[in-house]
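The values are calculated or read from the model by the stated rules, or taken from the named source; none is laboratory data. No experiment lies behind these values; they were computed from the predicted model shown. All Cβ positions, glycine included, derive from the backbone under ideal geometry; neighbour counts span all protein chains shown.
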Amino acid sequence: MADLITPTPILVRKFWIVRSPVALSWIVTDLAGFCAEHSLHKQSIERVARGERKHHKGWIAEEFYSKFGIIPIRNQIQEYETGSKDPTW
């Protein structure tokens, strides 16, 4: 009997780009920890990321999923924010 080959699952990682009221940006993989550190409500930031709210305490967020668990680097984020390139992650 031949051995069955099990397909390798593709790792998909969720992350957020969060921008403060003074336009500083973070790449966030632990939203709960980030919100606790910055006195924000996680559910409110998630609503902003889904487009249900415009901001939370002046903070804005976008939610992304990355194939293979690769998180974009600063250059890719800046290119995305300025509109010079489509996201490639």
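How many residues are part of a helix (DSSP H, G or I) and on the phi > 0 side of the Ramachandran plot if we restrict to region 32-52?
Total meeting the criteria: 0.
Within region 1-25, restricting attention to residues that are surrounded by 14 or more Cβ atoms within 10 Å (Cβ to Cβ) and out of contact with any His (no Cβ under 9 Å at 6 or more places or on another chain), which residue is modelled with the highest pLDDT?
Arg19
Taking only pairs six or more apart or across chains, which ones have beta-carbon atoms under 7 Å, a first residue in region 39-55 that is at pLDDT 95 or above, and a second residue that is surrounded by 14 or more Cβ atoms within 10 Å (Cβ to Cβ) and in a helix (DSSP H, G or I)?
His41/Cys35; Lys42/Leu31; Lys42/Cys35; Ile45/Leu31; Ile45/Cys35; Arg53/Ser44; Arg53/Arg47; His55/Val48
Name the residues in region 56-76 that are at pLDDT below 95 and not hydrophobic (A, V, I, L, M, F, W, C), would you?
Glu62, Glu63, Tyr65, Ser66, Lys67, Gly69, Pro72, Arg74, Asn75, Gln76
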